[in-house]
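K.L.:
This is the structure I have questions about; it appears just below.
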Amino acid sequence: MYGAAAADDDSAADIRKDAPMRFNPKARLDTSRVRDSGRGGGLGGGSAGIPIPGGTMAGGGIGTLIVIVLIFVLSQCMGGGVGLPTGGGQAQGGTDTSRMDDSERYANCKTGADAEGDVDCARIGVENSLYSYWSQETPELGAEFTPAQMRTFSGAVSTGCGQASSQVGPFYCPADQTIYLDTTFFDDVLESQLGGQGGEFVEPYVIGHEYGHHIQNLLGIMGQVRTQKGPESDAVRLELQADCFAGVWTRAATGTADESGVKIFAEVNEQDITEALDSAKAVGDDRIQQRSGGGVNPEGWTHGSSEQRMRWFNAGYESGDPSACDTFNATEL
Ligand SMILES: [Zn+2]
């Protein structure tokens, strides 16, 4: 199924265990788009926010997810009409840097060597790779590239999409074009699901998926989602496309490190991907929906099944081509 790229011999497995990501030690890491706001209990963070209750659709509350889901409404992939972002309200958010605390979390991330064995600096490396890749690809897809910002936090954070608490998994907020990651929550999931073993590809996959949402935003695909419920809905197609984009990038990011800065994976195999997709379920929309609404309603699922997610990730991975990610015109998901 996963085919060619999966190497099964022991030596490859050992390499993977020790160093699934392999950074060019001399590559300079650019931390300029990644910030950390530290612990955000009620301390800083412009605490006027509403603490993610359940229920309300509009307004702050459930905020992050619901807003995102609403915005993830689109009607087609990158076929016609994908010019510049369709000015549909959400696309152009700037970054509110005034709200960002300048922590020292990433201050020591200078080179690829720093990213080896350091999850914080590795995160920078992943962002740098995504930035390099999509800054080249997005214009070819017909849109101007502007980078996503990334912000890590723990506890709570206030965002352009409302207040987010620690129950919220990683998400992309179109309004401020920022990927938010609660890294402690992330650690907890890895610990409980994988017992702290392996899972090195989980976070890169999740960031790749969220970056895929940013690209969808730039392409004007968001804001065109018409249907949000049910297994064939636009919202599911949007999620599967983000998985496919993550796969496309993963392909580009795998191999011998070079000057492009895109290639950060020595090898990614089927086990890494399965692990990542399974773990991501726990930090994805399903979980948020469960937390905020009390029980997952299959009709409201926004991701598609695990099989579908794997299939679309692989469609991107095997083709290495974003145009293979046209989930909106696919007759079968
Ligand atoms: Zn998503």
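The values are calculated or read from the model by the stated rules, or taken from the named source; none is laboratory data. The model shown is predicted, which means the values in this text are computed figures rather than measured ones. Cβ atoms come from the backbone with ideal geometry, glycine included; neighbour counts cover every protein chain shown. What goes into the accessible areas is simple: the full protein's heavy atoms, side chains included, and nothing from ligands, DNA or RNA. Shrake-Rupley method; radii C 1.70, N 1.55, O 1.52, S 1.80 Å.
K.L.:
Does region 268-281 hold any residues that are open to solvent by 30 Å² or more (accessible area, probe 1.4 Å) and either outside any helix (DSSP H, G or I) or away from the ligand (no atom under 14 Å from the Cβ) (or both), and which are they?
P.N.:
Answer for region 268-281, where residues must be open to solvent by 30 Å² or more (accessible area, probe 1.4 Å) and either outside any helix (DSSP H, G or I) or away from the ligand (no atom under 14 Å from the Cβ) (or both): Glu270, Gln271, Thr274, Glu275, Asp278.
K.L.:
Restricting to region 179-205, and then to whatever is within 16 Å of the ligand (Cβ to nearest atom) and acidic (Asp, Glu), can you tell me which residue is most open to solvent (accessible area, probe 1.4 Å)?
P.N.:
Result: Glu203.
K.L.:
Further question: Among what's in region 226-256 and is open to solvent by less than 10 Å² (accessible area, probe 1.4 Å) and over 16 Å from the mean Cα position of the chain (by Cα), pick the residue that is farthest from Pro322 (Cα to Cα). If you could, list the steps in order and put the result at the bottom.
P.N.:
Of the residues in region 226-256, the ones open to solvent by less than 10 Å² (accessible area, probe 1.4 Å) are 230, 233, 235-236, 238-250, 253.
Within this subset, residues satisfying the condition of being over 16 Å from the mean Cα position of the chain (by Cα) are 230, 233.
Details: Gly230: 25, Ser233: 20 Å.
In this case the residue turns out to be Gly230.
K.L.:
Next up: Which of the numbered conditions does Tyr211 fail, given that it passes all the others? Conditions: (1) within 11 Å of the ligand (Cβ to nearest atom); (2) in contact with a Ser or Thr (Cβ under 6 Å, 6 or more places away or on another chain).
P.N.:
All conditions are met except number (2).
K.L.:
Sort through Tyr131, Tyr211 and tell me the only one that's aromatic (Phe, Trp, Tyr) and open to solvent by less than 10 Å² (accessible area, probe 1.4 Å).
P.N.:
Unique residue meeting the criteria: Tyr211.
K.L.:
Another question, then. State the number of residues belonging to region 149-178 that are closer than 24 Å to Val248 by Cα, touching an Asp or Glu at 6+ places or on another chain (Cβ under 8 Å) and either open to solvent by less than 20 Å² (accessible area, probe 1.4 Å) or within 16 Å of the ligand (Cβ to nearest atom) (or both).
P.N.:
Counting residues in region 149-178 that are closer than 24 Å to Val248 by Cα, touching an Asp or Glu at 6+ places or on another chain (Cβ under 8 Å) and either open to solvent by less than 20 Å² (accessible area, probe 1.4 Å) or within 16 Å of the ligand (Cβ to nearest atom) (or both) gives 6.
K.L.:
Okay, next question. Taking only region 219-263 into account, find how many residues are within 12 Å of the ligand (Cβ to nearest atom) and in a loop (DSSP other than H, G, I, E, B).
P.N.:
Residues in region 219-263 being within 12 Å of the ligand (Cβ to nearest atom) and in a loop (DSSP other than H, G, I, E, B): 1 in total.
K.L.:
Quick check, is Val73 farther than 24 Å from Arg22 by Cβ, open to solvent by less than 20 Å² (accessible area, probe 1.4 Å) and at pLDDT below 90?
P.N.:
The answer is yes for Val73.
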